[in-house]
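The values are calculated or read from the model by the stated rules, or taken from the named source; none is laboratory data. As the structure is a computational prediction, the values presented were derived from the model and not from experiment. Reconstructed Cβ throughout: ideal geometry from the backbone, glycine too, with neighbour counts over all protein chains shown. Accessible surface areas use protein heavy atoms only, side chains included; no ligands, DNA or RNA. Shrake-Rupley method; radii C 1.70, N 1.55, O 1.52, S 1.80 Å.
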Amino acid sequence: MGAGRDGDVDGVGPVATGTAHAKAILIGEHAVVYGHPAIALPLIPLRTTARLRTVPGPLSARHGDQRVRVEDLPEAFAPVGVAVTAALAHFGLPGDDLEIELDSDIPPGAGLGASAASAHAIVEAVRVHAGQDLDEEARFELVQTAERVAHGNPSGLDARATRARTPVAFTGGVTSDVDLGGSFSFAVADTGVRSPTRDAVAGVRRFVEAEPDRGSELLERLAALTRAAGRDLGAGHIEDLGAHLDAAQEALDALGVGHPAIDRLLAAARAAGAAGAKLTGAGRGGCVIAVADSPERAAEIVTAMRDVGAVGGWVVTAGGR
Ligand code: PMV
């Protein structure tokens, strides 16, 4: 995350900025809802920037040419209003004569943590404006306040991973750093298919209730694969990590969160040399993640996935060079 204060822009007051990045779940989604571990990666190339300006009038948000009072924001943008209002209140600042604007290259609703990144960027812009320090837990709580409006009952994984610089493990609400024993390259791509997270989570819940034995077997399997993936990351074992991602995809398919668009991208990724690949996030669309032995190979995998219909694709690296 970065921050800064720029000079005057177009006659309005100084701009305080905050930035934050996207995240992808490497492994453990859905099982994490049942208390099992998950591992997430920061997607640092995909960013959101928030700019806070002093503009006379009530606290507002700018969207292109439009300026909307924060209290009149449509429901989809309500978390923006909550983040800026909560952060201002935290610092004891009045909201009048301020305008917030977001600029993001994180696709919304794709499981990449767009809402948490926006909240982090806003909180940081307000912190810069306030000229005060903010400890990590207070920052996390402010972001979670906005995430509760965006997601109902957020686990906190997005709020943590969109702030982290390195992969994080998440177990029972507690995050920890993941040791990396080598350099890993990942290709992340967007199917373009949108499916609400809450529907996928509810679908898994119905499955687990209808078939408790099979359901808990699959969730336990995901938990074991997540622990194995953590060991693979620690040991620098790319091929083993790939095999564990592939196996996690089978379990997620069995839980009912697959989609033909996911299968299409995964097949292309594997054909282009991925060591393994799976959906990332809630599934039924959204994004996929593949692991590769070099950034160059990951870039080829992104190209292959775009060739079969991915609407966005990114290479991220972790550890090593
Ligand atoms: O699509 P995302 O990144 O919001 O991830 C959802 C992850 C789930 O495990 C499916 C749900 C959750 O709250 O952890």
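The figures follow:
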| quantity | calculated |
| --- | --- |
| Hits in the stretch 174-204 - residues which are more than 11 Å from the ligand (Cβ to nearest atom) and without any contact (Cβ under 8 Å) to a residue 60 or more places away in the chain | V174, T175, S176, D177, D179 |
| Condition check for R148: among the basic types (K, R), surrounded by 19 or more Cβ atoms within 10 Å (Cβ to Cβ) and modelled with pLDDT under 95 | no |
| Of all residues in the stretch 21-80 being among the β-branched types (V, I, T) and more than 16 Å from the ligand (Cβ to nearest atom), the one that is nearest to the chain's Cα centre (by Cα) | I44 |
| Qualifying residue in the stretch 104-126 (condition: surrounded by fewer than 24 Cβ atoms within 10 Å (Cβ to Cβ), out of contact with any His (no Cβ under 8 Å at 6 or more places or on another chain) and over 26 Å from L26 (Cα atoms)) | no |
| Close pairs from the stretch 280-304: first not assigned by TED's automatic domain parsing to the domain that holds G113, partner within 10 Å of the ligand (Cβ to nearest atom) and acidic (D, E), Cβ under 9 Å, at least 6 apart | T280/E29; G281/E29; A282/E29; G283/E29 |
| The stretch 269-315 - residue that is part of a strand (DSSP E or B) and open to solvent by 10 Å² or more (accessible area, probe 1.4 Å) and, of those, farthest from the ligand (Cβ to nearest atom) | V315 |
| Unmet requirement for A164, which otherwise passes all of (1) more than 16 Å from the ligand (Cβ to nearest atom); (2) at pLDDT below 95; (3) crowded, with 18+ Cβ neighbours inside 10 Å | (1) |
| Residue in the stretch 49-71 that is crowded, with 24+ Cβ neighbours inside 10 Å, at pLDDT 95 or above and among the β-branched types (V, I, T) present | no |
| For G95: the one exception among (1) more than 16 Å from the ligand (Cβ to nearest atom); (2) modelled with pLDDT of 95 or more; (3) open to solvent by less than 70 Å² (accessible area, probe 1.4 Å) | (2) |
| Filtered residue count, the stretch 217-228, keeping only those that are open to solvent by less than 80 Å² (accessible area, probe 1.4 Å) and touching a residue at least 24 places away in the same chain (Cβ under 8 Å) | 6 |
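Conditions (1) under 10 Å from the mean Cα position of the chain (by Cα); (2) within 16 Å of the ligand (Cβ to nearest atom), marked per residue:
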site: I106; (1), (2): yes, yes
site: A119; (1), (2): no, yes
site: D135; (1), (2): no, no
site: R139; (1), (2): no, no
site: V143; (1), (2): no, yes
site: A146; (1), (2): no, yes
